[in-house]
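The values are calculated or read from the model by the stated rules, or taken from the named source; none is laboratory data. Here the structure is a predicted model, which means the values were calculated and not measured. Backbone-built Cβ (ideal geometry, glycine too); neighbour counts: all protein chains shown. Accessible surface areas use protein heavy atoms only, side chains included; no ligands, DNA or RNA. Shrake-Rupley method; radii C 1.70, N 1.55, O 1.52, S 1.80 Å.
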Amino acid sequence: MKLFLDTANVDQVAEIASWGILDGVTTNPSLVAKEGKDSSSNSLQAFKETVLKMCELVPCVSAQVTETEFEGMKKQADEYSSWHKHVVVKVPMTVEGLKTISYCKGKGIKTNCTLVFSANQALLAAKAGATIISPFIGRLDDAGQDGMGLIAEIMTIWDNYDFDTEVLVASTRNPRHIVEAGEVGAHICTIPYGLFIKLPKHQLTDIGLKKFQDDWNKVKS
Ligand code: E4P
């Protein structure tokens with residue numbers, strides 16, 4: 001399973017990439033706004049610089065279009081994809097988004113269909129030619145629905161057909177989400193920084209390491 005970092009912060013990408021296990025990054029307009037990059041008059045340039053820095057660190061960086069009509073999304077897809085070969089254009093799951101995904105497929109532009117909340121949306125995005133689809137499991141859980149159940153449903157459909165589209169588990173909230181995504185065979189998980197840094201930790205690892213060091217110090221003295 002590929003692991004992506006869900007952030008618009010380049011320092012966080014550099015830190016997790018240094019572990020040698022990071023396969024990509026997902027950004028979205030809210031994450032960009034959190035980093036304060038959308039307030040300047042030159043926000044597109046700032047966003048481009050951020051994306052380019054990330055592209056030097058990982059092989060797959062999702063950059064989301066902000067237009068909502070086909071013509072606008074198409075232009076943004078052409079522009080973002082011209083920045084770097086590691087850019088994947090993130091497109092929302094709407095009818096206009098499907099048209100954009102289909103256009104990108106025809107031009108060899110990689111896409112990540114975002115804001116997927118149902119198996120039918122997943123199916124349509126795959127048929128349009130999305131490289132990746134992103135079902136948001138945490139937001140479904142927040143709404144009292146079964147986020148991981150949706151991933152399992154989508155993986156069952158994928159088992160029946162020959163889609164190249166990778167299923168990315170988005171909106172992850174806790175370490176069990178990553179384990180369960182692996183259990184149902186999802187291709188990718190995107191993980192926020194605060195959750196990512198918890199993954200290597202275990203209390204028994206810390207206790208065990210301390211004991212090894214204490215015992216070794218006794219041998220040395
Ligand atoms: C995925 O690409 C999205 O950026 C992200 O996972 C959304 O997560 P959230 O629901 O925590 O905002």
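Being open to solvent by 60 Å² or more (accessible area, probe 1.4 Å) and either within 17 Å of Gly108 (Cβ to Cβ) or within 16 Å of the ligand (Cβ to nearest atom) (or both) is true for just one of Lys2, Lys74. Which residue is that? Going through Lys2, Lys74 in turn, just one is open to solvent by 60 Å² or more (accessible area, probe 1.4 Å) and either within 17 Å of Gly108 (Cβ to Cβ) or within 16 Å of the ligand (Cβ to nearest atom) (or both): Lys2. For Asp162, the conditions (1) touching a Ser or Thr at 6+ places or on another chain (Cβ under 9 Å); (2) without any contact (Cβ under 8 Å) to a residue 24 or more places away in the chain; (3) over 22 Å from Tyr80 (Cα atoms) are fulfilled apart from (1). Of all residues in segment 28-51, those satisfying the criterion of being in contact with a helix residue (DSSP H, G or I) (Cβ under 7 Å, 6 or more places away or on another chain) and either at pLDDT 95 or above or under 24 Å from Ser134 (Cβ atoms) (or both) are Val32, Lys37, Asp38, Phe47, Lys48, Thr50, Val51. The sole residue among Thr50, Thr26, Thr68 that is touching a residue at least 60 places away in the same chain (Cβ under 8 Å) and of a type in the set (Ser, Thr, Tyr) is Thr26. For segment 11-37, taking the residues that are assigned to a strand (DSSP E or B) and of a type outside the set (Ser, Thr, Tyr), the one that is surrounded by the fewest Cβ atoms within 10 Å (Cβ to Cβ) is identified as Gly24.
From the set of residues in segment 165-181 that are open to solvent by 40 Å² or more (accessible area, probe 1.4 Å) and away from the ligand (no atom under 11 Å from the Cβ), which is nearest to Thr26 (Cα to Cα)? Filtering segment 165-181 for residues that are open to solvent by 40 Å² or more (accessible area, probe 1.4 Å) and away from the ligand (no atom under 11 Å from the Cβ), the one nearest to Thr26 (Cα to Cα) comes out as Glu166.
Taking segment 169-221 as the range and being without any contact (Cβ under 8 Å) to a residue 12 or more places away in the chain, under 30 Å from Cys60 (Cβ atoms) and assigned to a helix (DSSP H, G or I) as the test, the residues that pass are Arg176, Val179, Glu183, Gly194, Thr205.
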